[in-house]
Amino acid sequence: MKDGKRPEETGLNWGALDQAVGTVVRLLRNELSVRIVDVYSSFGLRYGALSTMALIEANPDCSQSEIAREVAMDDSAMVAIIDDLEARGLARRMRSTRDRRRNTLSLTSEGQRLAAQMIARAQDVEQPIHDALSEEEVKTLQQLLRRAYEAMQKSPPATA
């Protein structure tokens, strides 16, 4: 690498940020977010609805606070997503039989169908990544990103 640029790159020199993990993660996140928002607009759901639906489906009888914690989302934002899903007949809240203070969540059959459609669209959006990387590289990338996320969660935030 010379002057902060790799030979295959075009564009500006990132200088001191060339070695920053956050810069590359942000760029990828921004690109994925723009594409996902565009693809999901036809479904008319809030941002975060698919993650919520996927977690509900994979974790029967989970609670909305468990999902909010898992996706690092504020409880009130999660309530709004669940309210929308419930109003559209995609998810149900039920009082837990084990703990009456707790609501559990499940997807309706319509919710399962819609989640499958959305997941297929998400896979289409991510296809260029899968085309550029081997299956092993994709798995490694996912593992490394999860480890990096866990490390950041365990670390105290930097103070100003």
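The values are calculated or read from the model by the stated rules, or taken from the named source; none is laboratory data. None of the values given here were measured: they were computed from a predicted structure. In this analysis, Cβ positions are derived from the backbone assuming ideal geometry, glycine residues included, and neighbour counts consider all displayed protein chains. Only protein heavy atoms, including side chains, enter the accessible area calculation; ligands, DNA and RNA are left aside. Shrake-Rupley method; radii C 1.70, N 1.55, O 1.52, S 1.80 Å.
Looking across region 73-102, the residues that are part of a loop (DSSP other than H, G, I, E, B) and open to solvent by less than 70 Å² (accessible area, probe 1.4 Å) come down to MET73, GLY89, LEU90, SER96, ASP99, ARG102. Determine whether GLU66 is within 29 Å of MET152 (Cα to Cα) and in a helix (DSSP H, G or I). So GLU66 fits the description; yes.
Looking across region 103-124 at every residue that is open to solvent by less than 80 Å² (accessible area, probe 1.4 Å), assigned to a helix (DSSP H, G or I) and touching a Leu at 6+ places or on another chain (Cβ under 9 Å), the one that is nearest to ARG29 (Cα to Cα) is identified as ALA122.
Being open to solvent by less than 50 Å² (accessible area, probe 1.4 Å), among the charged types (D, E, K, R) and part of a loop (DSSP other than H, G, I, E, B) is the requirement here; does ASP61 meet it? No. Considering only residues of region 125-148 that are open to solvent by 100 Å² or more (accessible area, probe 1.4 Å) and within 24 Å of VAL37 (Cβ to Cβ), which is nearest to the chain's Cα centre (by Cα)? Selected residue: ARG146.
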